[in-house]
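The values are calculated or read from the model by the stated rules, or taken from the named source; none is laboratory data. The model shown is predicted, which means the values in this text are computed figures rather than measured ones. Note that each Cβ is placed from the backbone with ideal geometry, even for glycine, and that neighbours are counted across all protein chains shown. Only protein heavy atoms, including side chains, enter the accessible area calculation; ligands, DNA and RNA are left aside. Shrake-Rupley method; radii C 1.70, N 1.55, O 1.52, S 1.80 Å.
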Amino acid sequence: MIENTVITLKSVDIFQQKHLVLSNVNLKIDKGEFVFLIGQTGSGKSSLLKIIYGDLYIGNGEGMVAGFDLKKLYERDVPFLRRKLGIVFQDFHLLTDRSVEKNLEFVMRATGWKDKKLISARMLDVLEKVGLRSKLKKMPHELSGGEQQRVVIARALVNDPEIILADEPTGNLDPDTSEEIVLLLKEISRSGTAVLMATHDYQIIRNLPSRIIKTISGHLADNVQL
Amino acid sequence: MEEFEESASAGKTKSIYISTVISIALVLMMTGLLGLLLVHAKNLSNYVKENIVLNIIVNESASEGDVLALQKKLDTNEKVLRTQYISKELAAINLQKDLGEDFVKFLGYNPLLSSIDVYLKAEYANNPSIDTFIKQMSENKLVKEVVYQPSLIDMVNKNIRIIGIIILGFAAILLIIAIALINNTIRLAIYSQRFLIKSMQMVGATRGFIRRPFLGYGLLHGLLGALISILLLLAILYFGQQQIPELVILRNYFEFAVIFLGVIALGIVIAGFSTFFAVSKYLRLRSNDLYR
């Protein structure tokens, strides 16, 4: 049971600076689950994700993410927590000064990959999964928004993460491309990686019925219906 | 976001790096130039001091052999740079040239005495040191008197001290300016990469791993800037010596080498530390703080 849960938050209060953004947050996400996170802008969606990937520290309450105790999370542990996560952003956060290949290589080298052959094999593997094998040598600015987001997803997949956190991954994309990206994430969740995706796009949610959590007036509501 | 895409793109990064190197080079060149000025001023003052002459006038009774023996003794004195024996006859010829009149013929005899011109080493060319030297000399029975101009030596020493203090003060101020400017340039260059640094952190790279390549580039830029500044300094030296050939007298390759090595060390150390602290700053920031 416990091995199956990848995110546990118990009575967590989330602060942005000294503002209490969300109080008494309880959340459990299991392996392979696909969860939508909705809520108005500024209602604390991003803060919730930041707590999970260690960009904000937990105030009150308890939290476990991919085996890391958020209460005991020191600055030096954060990189190792993030290696268990794949983070996908609205604005991609690719390393814009280098090619797709070098972007993926950076992640691998940063997370301890050494063998050149293994690196290029894994690189082709994840690019294959997102359908971008041919774009290996391209610079990020030579790719469309949808393609860049696919590269980000490929990057997130490199270390077989337990969780993918996606913060409005379709925010900058057209409806068709958005749907492709979400389908890709859904497929990834089927292979055992939990996906928590923050979004404003209700069309997508309607097309892909899943568990929905919602930040509303300083609380987190679970199993919400649209 | 659009802005971020632009500013961190490869072309922009390259141009930021180039302007960083140029800024470092120019600032180091100014610092190096002052170093060269300092060395030249020091060598000039030594040159002037070592050309101050003491005439040791020898008694009439002294034989030429005695005088030459005295000269030999003087040559071994630690204060003495070089000596020149002026015989009675040579002194007469010199004076004749100055007067334009054959006074020996006129007087019927040569009234001049033999003397030894003594040039002291620069570090002993000051009045107290000269006084003890003269006292030592006067004890010698061969020596009639020692002639020199105390006021000239005082003036030279005073002026040199003032000029030296002024140049050193400028050098100190310029060094601080150099550090501040290079630090600022590098911080701006790193600032333009702050989102890149944040992205690297998001994928689980440790601080050390992110810092390393930045530090590598920082040190490289410091070195490149220093090398460019040395080329500029060499050019300035070359043209300076062409315009003022006398500068060659003050040339000292060892001292130039020390200055150039100092410029390299300064470039690498300042660039290294600045890069380290600037990158560390953005590594510490949370993603929210980046937009402030």
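Here are a few things to note about the model shown:
- Going through (1) among the aliphatic types (A, V, I, L, M); (2) in contact (Cβ under 8 Å) with a residue 60 or more places away in the chain; (3) open to solvent by 30 Å² or more (accessible area, probe 1.4 Å); (4) under 23 Å from A:D91 (Cα atoms) one by one, A:L185 falls short only on (3).
- Some residue of segment B:131-146 being surrounded by 12 or more Cβ atoms within 10 Å (Cβ to Cβ), in contact (Cβ under 8 Å) with a residue 24 or more places away in the chain and under 30 Å from B:L266 (Cα atoms): no
- Qualifying position, being touching a Leu at 6+ places or on another chain (Cβ under 8 Å), outside any loop (DSSP other than H, G, I, E, B) and open to solvent by less than 80 Å² (accessible area, probe 1.4 Å), among B:A171, B:A180: B:A171
- Subset of segment A:95-111 [open to solvent by less than 60 Å² (accessible area, probe 1.4 Å) and either at pLDDT below 90 or not in a loop (DSSP other than H, G, I, E, B) (or both)]: A:T96, A:D97, A:V100, A:E101, A:N103, A:L104, A:E105, A:F106, A:V107, A:M108, A:A110
- Filter result (surrounded by fewer than 12 Cβ atoms within 10 Å (Cβ to Cβ) and under 19 Å from B:K144 (Cα atoms)) within segment B:55-102: B:E60, B:S61, B:S63, B:G65, B:K72
- The condition of being touching a residue at least 60 places away in the same chain (Cβ under 8 Å) and among the small types (G, A, S) holds for only one of B:G108, B:G164, B:G100, that being B:G164.
- Which listed residue, of A:S134, A:S178, A:S144, is among the hydroxyl-bearing types (S, T, Y) and open to solvent by 80 Å² or more (accessible area, probe 1.4 Å): A:S134
- Of the set (1) surrounded by fewer than 22 Cβ atoms within 10 Å (Cβ to Cβ); (2) in a helix (DSSP H, G or I); (3) in contact (Cβ under 8 Å) with a residue 40 or more places away in the chain; (4) more than 8 Å from chain B (Cβ to nearest Cβ), all apply to A:G63 but (2).
- Test result for A:Y74, surrounded by fewer than 18 Cβ atoms within 10 Å (Cβ to Cβ), more than 30 Å from A:T177 (Cβ to Cβ) and either more than 10 Å from every other protein chain (Cβ to nearest Cβ) or touching a residue at least 24 places away in the same chain (Cβ under 8 Å) (or both): yes
- Output for segment B:212-235, where each listed residue is within 14 Å of chain A (Cβ to nearest Cβ) and open to solvent by 50 Å² or more (accessible area, probe 1.4 Å): B:R212, B:P213, B:Y217
- Any hit, segment B:191-198, residues being surrounded by fewer than 16 Cβ atoms within 10 Å (Cβ to Cβ), hydroxyl-bearing (S, T, Y) and within 14 Å of chain A (Cβ to nearest Cβ): yes
- Selection within segment A:147-175: residues that are within 12 Å of chain B (Cβ to nearest Cβ) and at pLDDT below 90. The member of this set that is least open to solvent (accessible area, probe 1.4 Å) is A:G171.
Okay, residues lined up against (1) among the aliphatic types (A, V, I, L, M); (2) at pLDDT 85 or above; (3) within 42 Å of the chain's Cα centre (by Cα); (4) closer than 30 Å to B:S45 by Cβ:
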| site | (1), (2), (3), (4) |
| --- | --- |
| B:G100 | no, no, no, no |
| B:F103 | no, no, no, no |
| B:K121 | no, yes, yes, yes |
| B:N127 | no, no, yes, yes |
